[in-house]
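Colleague: Dumping the structure here so I can ask a few things about it.
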Amino acid sequence: MNTTLWIASGLLAAVALVGGISKAFVPKATLAEAPGGQWTRDASAGFVRTLGVLEILAAVGLILPAVVDIAPIMVPVTAVCWVLLMIGAMITHLRHGGLDRFVLLNVTYLALAAFIAWGRFGPESFTA
């Protein structure tokens, strides 16, 4: 179970890092033209960049606290925050044309984060 949770955390961290880097460093106009990026047309550049920075921080928070054994409780806390972020992402995608495949992708990421939160708060807690 511990290995599965590490793999899930690594996968989700990779997703968060890629998404965060694109939102933080790719111009908003370019994101708006990309598949699934239509929502950025209605958002300010600062909001999109802020989301990108939060996603980069999530990538760090899913891995680093456990690796360095400093505040490892932040791993499941970060996973819960990711669940909330994915709920917002699903609402946003549904409001902007019901992009079903992106909502499905968000549901997948949400489920992965929920699994990590459950596992790290429960049976495979770092604090136990």
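The values are calculated or read from the model by the stated rules, or taken from the named source; none is laboratory data. Everything numeric here is computed off the predicted structure, so don't read it as measured data. Note that each Cβ is placed from the backbone with ideal geometry, even for glycine, and that neighbours are counted across all protein chains shown.
Colleague: Looking at SER44 and the list (1) among the hydroxyl-bearing types (Ser, Thr, Tyr); (2) farther than 22 Å from MET1 by Cα; (3) touching a Leu at 6+ places or on another chain (Cβ under 7 Å), which single condition is not satisfied?
Modeller: (3)
Colleague: Would you pick out the residues in region 23-68 that are among the hydrophobic types (A, V, I, L, M, F, W, C) and more than 30 Å from PHE126 (Cβ to Cβ)?
Modeller: PHE25, VAL26, ALA29, LEU31, ALA32, ALA34, TRP39, ALA43, ALA45, PHE47, VAL48
Colleague: I've got another one for you. Does GLU55 satisfy the criteria of being of a type outside the set (Phe, Trp, Tyr), out of contact with any Leu (no Cβ under 6 Å at 6 or more places or on another chain) and in contact (Cβ under 8 Å) with a residue 12 or more places away in the chain?
Modeller: In short, yes.
Colleague: Cβ contacts < 6 Å: first residue within 18 Å of ASN106 (Cα to Cα), restricted to region 1-25; second residue surrounded by 13 or more Cβ atoms within 10 Å (Cβ to Cβ) and among the acidic types (Asp, Glu), any location; separation 6+ or different chain. Result?
Modeller: Between residues of region 1-25 that are within 18 Å of ASN106 (Cα to Cα) and residues that are surrounded by 13 or more Cβ atoms within 10 Å (Cβ to Cβ) and among the acidic types (Asp, Glu), the close pairs are ALA16/GLU55; GLY19/GLU55; GLY20/GLU55.
Colleague: Looking at the structure I just gave you, is THR4 at pLDDT 90 or above, within 15 Å of the chain's Cα centre (by Cα) and surrounded by 12 or more Cβ atoms within 10 Å (Cβ to Cβ)?
Modeller: no
Colleague: If a residue must be of a type in the set (A, V, I, L, M) and in contact with a helix residue (DSSP H, G or I) (Cβ under 6 Å, 6 or more places away or on another chain), how many such residues does region 95-110 contain?
Modeller: So the count comes out to 3.
Colleague: Out of region 27-42, which residues are surrounded by 14 or more Cβ atoms within 10 Å (Cβ to Cβ) and either assigned to a helix (DSSP H, G or I) or β-branched (Val, Ile, Thr) (or both)?
Modeller: Answer for region 27-42, where residues must be surrounded by 14 or more Cβ atoms within 10 Å (Cβ to Cβ) and either assigned to a helix (DSSP H, G or I) or β-branched (Val, Ile, Thr) (or both): LYS28, LEU31, ALA32, GLN38, TRP39, THR40.
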